Amino acid sequence: MVQGFKRFEGRPWSHKYRGPLWIHATSTKPSAELISDIEEMYTEHYQSIGEDMPEFPDRYITGVVVGRCDLIDVITYQEYEDTIPKKLQEPTQSEHLFIVKNPCTLEIPIYM
């Protein structure tokens, strides 16, 4: 999300909070296969909508706060299906989707 290529984050729960959202990377190291699959999915997604995609990170660090974004809204899956243009929809089956904008990365990640 903080790299700017992911605009929606799926969650099984909703929240009333809106505003700055700090993003913590998973503590589990992703496999090379998982990284390849996700990068391929987003490359295909951006090609299909005809937009330039931000660059993928050189490495996928874990267990750190990597940056922040602004949480604009939280919508249900049905609202996502009904209101977000199909060409912009990212693959998901989550009950709720966080809509984020203004991503930024920390120059020095914070270990937590």
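The values are calculated or read from the model by the stated rules, or taken from the named source; none is laboratory data. Just so you know, these numbers come straight off a predicted model, no measurement behind them. All Cβ positions, glycine included, derive from the backbone under ideal geometry; neighbour counts span all protein chains shown.
Look at the stretch 80-103: where a residue is free of Cβ contacts under 8 Å to residues at least 40 places away in the same chain and a partner is surrounded by 11 or more Cβ atoms within 10 Å (Cβ to Cβ) and among the β-branched types (Val, Ile, Thr), sitting 6+ places away or on another chain with Cβ atoms under 7 Å, you get Lys87/Ile49. Looking only at residues in the stretch 1-45 that are of a type in the set (Ser, Thr, Tyr) and under 23 Å from Ile108 (Cα atoms), the one that is surrounded by the most Cβ atoms within 10 Å (Cβ to Cβ) is Thr26. The residue of the stretch 84-112 that is farthest from Glu9 (Cα to Cα), among those that are in contact with a strand residue (DSSP E or B) (Cβ under 9 Å, 6 or more places away or on another chain) and assigned to a loop (DSSP other than H, G, I, E, B), is Met112.
With the stretch 1-83 as the region, which strands (runs of 3 or more DSSP E) entirely inside it contain at least 1 residues that are basic (Lys, Arg)?
Details: elements: 8-11, 19-24, 64-76.
Filter on the stretch 1-83 gives 8-11, 64-76.
Note on the stretch 67-112: among residues that are at pLDDT 95 or above and of a type in the set (Phe, Trp, Tyr), the one that is surrounded by the fewest Cβ atoms within 10 Å (Cβ to Cβ) is Tyr77. Filtered by the rule that a residue be farther than 16 Å from Leu106 by Cβ and aliphatic (A, V, I, L, M), the stretch 46-81 gives Ile49, Met53, Leu71, Ile72, Val74, Ile75.
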